[in-house]
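Trainee: Next up is a structure, given as structure tokens.
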Amino acid sequence: MEDFSILDKSQQKEGGMYGVIDVGSNTIRLCIYDVSGNDIYPMLNNKTTAGLAGYVKKGKMSKKGIQKACDVLNKYREMTEHFPLKELFVFATASLRNISNTDEALQTITTETGLSIDVLTGYQEATFDFIGAAHSINLDRGLLLDIGGGSTELLVYERGEIQNAVSLTFGSLSMFSNYVSGLFPTKKEKKEIEDVVKKELKKIKFLNNKTFDNVIGIGGSIRAAKNMNNDMFEKPKDNSVIIAEDVPKLLKQFKGDESEVLRTVLKVSPDRVHTLIPGMIVMNTVCEYVECKDIIMSPYGVREGYLYQKLFSEQLK
């Protein structure tokens, strides 16, 4: 296993402003942070729903999809020129990791944007999730869950240290693309998504017969579920905890007339109309499998963990 448990702070870069672009399967984000000492402070978070996973056919990203990534990255590169950045880092997750023409996509993107991209392995992504979350939540024992557009990361930690991690090749957007025929999944399609998740969970040996009271949630799908939870149960907007037994109640809100379901989704997560329900099904299936009691949303995740690693180490190990 790769070891990211200890960051080498002797390699720390100087303070100032740093940018991070996260090229995901569903969204591409530009985040700018102010770095002071060992702390990072978010200053800007700009998101574009690019839907890169939708441009992948038979495992290959189309030229149109690669160009879409280039267009968004050029827009963000131009935006960063207005900030006194010490450095701009760019990484990709399942969006470029899980395609057959990764090298072609990277070469085209570098040629057209001038940007160099780190393509994270699944284990690196899960580990950076942990590093980011550890700077905002006290991590004693539990399961970390990151549901992205094209992959899902699961990481078990104990006494603040990583025990095991795995990256699964499905996420909220890929579940929608592969199993949903309309805008929202039917009862049969929901069952199909659940069955796929259960089948993959049973293959993970380090989860066999394990239960976790707490699941730390990371990523846009779980954030959208948290917003839905706070709206439905009249919680404060800054509430970060979802009671696990309430998730099936949330999913019940998506039954009935499609126009009613659409109104419900648009109210809480207009930018995730098609991926909210598949993402919540994945989340609920995982939580039922490990019999968790609470899902705690972490404000920090892979982007912050990646930045910490960049700041405290000259190379991705």
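The values are calculated or read from the model by the stated rules, or taken from the named source; none is laboratory data. Fair warning: this is a prediction, and the values are worked out from it, not measured in the lab. Positions of Cβ are backbone-derived with ideal geometry, glycine not excepted, and every protein chain shown enters the neighbour counts. Surface accessibility is based on the protein's heavy atoms, side chains included, excluding ligands, DNA and RNA. Shrake-Rupley method; radii C 1.70, N 1.55, O 1.52, S 1.80 Å.
Trainee: Looking only at strands (runs of 3 or more DSSP E) that lie completely in the stretch 6-58, which have at least 2 residues being farther than 24 Å from residue 270 by Cα and modelled with pLDDT of 95 or more? Before the answer, list the steps.
Mentor: Working: elements: 16-23, 27-36, 39-49.
The strands (runs of 3 or more DSSP E) meeting that bar are 16-23, 27-36.
Trainee: Is it true that some residue in the stretch 226-234 is more than 28 Å from residue 201 (Cα to Cα), in a loop (DSSP other than H, G, I, E, B) and modelled with pLDDT of 90 or more?
Mentor: yes
Trainee: While we're looking at this one, here's another question. Looking only at the stretch 60-74, decide whether some residue is at pLDDT 95 or above, in a strand (DSSP E or B) and farther than 20 Å from residue 133 by Cα.
Mentor: Step one: list which residues in the stretch 60-74 are at pLDDT 95 or above, which gives 60-74.
Filter once more, so that each one left must be in a strand (DSSP E or B): 60-61.
Filter again for farther than 20 Å from residue 133 by Cα, leaving 60-61.
Checked against the condition, which is being at pLDDT 95 or above, in a strand (DSSP E or B) and farther than 20 Å from residue 133 by Cα, the stretch 60-74 yields at least one hit.
Trainee: Another one. Scanning the stretch 292-317 for residues that are closer than 24 Å to residue 123 by Cα and of a type in the set (Asp, Glu), which turns out modelled with the lowest pLDDT?
Mentor: Step one: of the stretch 292-317, the residues closer than 24 Å to residue 123 by Cα are 292, 295-317.
So of that shortlist, the ones also of a type in the set (Asp, Glu) come out as 304, 314.
Values: 304: 96, 314: 46.
Among them, the one singled out is 314.
Trainee: Within the stretch 96-109, does at least one residue satisfy the condition of being small (Gly, Ala, Ser) and either assigned to a loop (DSSP other than H, G, I, E, B) or surrounded by fewer than 19 Cβ atoms within 10 Å (Cβ to Cβ) (or both)?
Mentor: Just the residues of the stretch 96-109 that are small (Gly, Ala, Ser), to begin with: 100, 105.
From what is left, the residues that are either assigned to a loop (DSSP other than H, G, I, E, B) or surrounded by fewer than 19 Cβ atoms within 10 Å (Cβ to Cβ) (or both) are 100.
Checked against the condition, which is being small (Gly, Ala, Ser) and either assigned to a loop (DSSP other than H, G, I, E, B) or surrounded by fewer than 19 Cβ atoms within 10 Å (Cβ to Cβ) (or both), the stretch 96-109 yields at least one hit.
Trainee: Something else: How many residues does the stretch 284-317 hold that are touching a Leu at 6+ places or on another chain (Cβ under 7 Å) and in a helix (DSSP H, G or I)?
Mentor: Residues meeting the conditions: 6.
Trainee: Can you give me the number of residues within the stretch 192-225 that are in a helix (DSSP H, G or I), within 19 Å of residue 176 (Cβ to Cβ) and not hydrophobic (A, V, I, L, M, F, W, C)?
Mentor: Initially, the stretch 192-225 is screened for residues in a helix (DSSP H, G or I), giving 192-202, 205-207, 220-225.
Filter once more, so that each one left must be within 19 Å of residue 176 (Cβ to Cβ): 192-200, 220-225.
Restricting the remaining residues to those that are not hydrophobic (A, V, I, L, M, F, W, C) gives 192, 194-195, 198-200, 220-221, 223.
Matching residues across the stretch 192-225 total 9.
Trainee: Report the residue count in the stretch 81-95 for those that are surrounded by fewer than 19 Cβ atoms within 10 Å (Cβ to Cβ) and within 20 Å of residue 309 (Cβ to Cβ).
Mentor: First, pick out the residues of the stretch 81-95 that are surrounded by fewer than 19 Cβ atoms within 10 Å (Cβ to Cβ): 81-87.
Within this subset, residues satisfying the condition of being within 20 Å of residue 309 (Cβ to Cβ) are 85-87.
The qualifying residues number 3.
Trainee: Within the stretch 35-43, identify whether any single residue is within 24 Å of residue 179 (Cα to Cα), under 22 Å from the mean Cα position of the chain (by Cα) and surrounded by fewer than 16 Cβ atoms within 10 Å (Cβ to Cβ), and answer yes or no.
Mentor: no
Trainee: OK, next. For the stretch 286-307, enumerate the residues that are among the hydroxyl-bearing types (Ser, Thr, Tyr) and either buried (at least 24 other Cβ atoms within 10 Å of the Cβ) or more than 17 Å from the chain's Cα centre (by Cα) (or both).
Mentor: Narrowing the stretch 286-307 to residues among the hydroxyl-bearing types (Ser, Thr, Tyr): 289, 298, 300, 306.
Across the stretch 286-307, the qualifying residues are 289, 298, 306.
Trainee: Looking at 59, 65, can you tell me which residue is in contact with a strand residue (DSSP E or B) (Cβ under 9 Å, 6 or more places away or on another chain) and under 27 Å from residue 175 (Cα atoms)? Talk me through it step by step, then tell me what you get.
Mentor: On the way: 59 fails: in contact with a strand residue (DSSP E or B) (Cβ under 9 Å, 6 or more places away or on another chain).
The unique qualifying residue is 65.
Trainee: Moving to a separate point now. Take the residues in the stretch 238-273 that are open to solvent by 50 Å² or more (accessible area, probe 1.4 Å) and in a loop (DSSP other than H, G, I, E, B), then tell me which one is modelled with the lowest pLDDT.
Mentor: 256
Trainee: Now for a different question. I'm trying to understand the selection: among the residues of the stretch 149-197, which are open to solvent by less than 60 Å² (accessible area, probe 1.4 Å) and among the charged types (D, E, K, R)?
Mentor: Across the stretch 149-197, the qualifying residues are 153, 189, 190, 194.
Trainee: Output the number of residues of the stretch 181-199 satisfying the condition of being modelled with pLDDT of 95 or more and closer than 21 Å to residue 27 by Cβ.
Mentor: 1
Trainee: Are any residues in the stretch 135-193 free of Cβ contacts under 8 Å to residues at least 24 places away in the same chain and more than 26 Å from residue 40 (Cβ to Cβ), and if so, which ones? So that I can check it myself, show each step before the final result.
Mentor: Keep residues of the stretch 135-193 that are free of Cβ contacts under 8 Å to residues at least 24 places away in the same chain, which gives 138, 140, 158-159, 178, 181, 186-189, 191-192.
Scanning the stretch 135-193 gives 178, 181, 186, 187, 188, 189, 191, 192.
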